[in-house]
Amino acid sequence: MTEPKRILIVDDEVGFTEMVKLNLEDTGRFLVRIENDSTRAFETALGYRPELILLDIIMPEMEGPDVLCQLRENEQTAQIPIIFLTATVRKSEVNQEDGFISGYPFLAKPCTVEELIQAIDQNI
């Protein structure tokens with residue numbers, strides 16, 4: 001059996017992140033760490049070394065695009081795949097944009113576990 005993939009979820013919605021963590025870990029394919037404070041996302045990514053980051057766009061203190069800039073400016077985190085999660089767009093808008101914002105894949109919240117796993121599989 002292959003080693004579980006390390007996923008980091010950066011999102012200020014505690015209930016959402018806990019649910020996603022449980023659902024992903026239940027598959028046996030992923031180890032998931034949560035960071036609900038976007039100002040600590042970069043340090044958490046450095047320490048955890050995720051193979052993919054699920055990143056909310058709208059968060060207090062520091063928004064997703066700002067976290068992305070921090071990650072891309074450091075050679076240890078620059079190549080980690082990012083999937084944006086956002087409640088600010090509808091699924092129809094995701095389809096219109098072919099599932100990308102500024103070249104990064106994104107999913108509209110809420111999304112199904114199947115949609116999330118498919119997006120992860122396409123980006124790891």
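Numbers at a glance
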{"read-out": "Extent along principal axes [Cα atoms of region 5-123; Å; largest to smallest]", "value": "34, 31, 25"}
{"read-out": "Sorted by Cβ density within 10 Å, fewest first, the residues Cys111, Cys69", "value": "Cys69, Cys111"}
{"read-out": "Simple label model, 7 Å out from Cα along Cβ direction - Glu63 to Val14, nm", "value": "2.5"}
{"read-out": "Point-to-point label distance, Ile117-Gln79, nm (Cα→Cβ direction, 7 Å offset)", "value": "2.8"}
{"read-out": "Charge dipole (debye, nearest 20) of region 5-123; +1 at Cβ of Lys and Arg, -1 at Cβ of Asp and Glu", "value": "320"}
{"read-out": "Spacing of the two label points (7 Å from each Cα toward its C-beta) at Thr44 and Glu3, in nm", "value": "2.2"}
{"read-out": "Sequence of Val10, Val32 once ranked by neighbouring C-beta atoms within 10 Å, starting from the fewest", "value": "Val32, Val10"}
{"read-out": "Calculated [θ] (222 nm, deg cm²/dmol) that DSSP helices of n ≥ 4 give over the chain, each run adding -39,500 (n - 2.57)", "value": "-11000 deg cm²/dmol"}
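Every number here is computed from the coordinates shown, using simple stated rules; none is lab data. Please read all numbers here as calculations on a predicted model, not as lab measurements. Because the Cβ atoms are built from the backbone with ideal geometry, glycine has one as well, and the counts that use them run over all protein chains shown.
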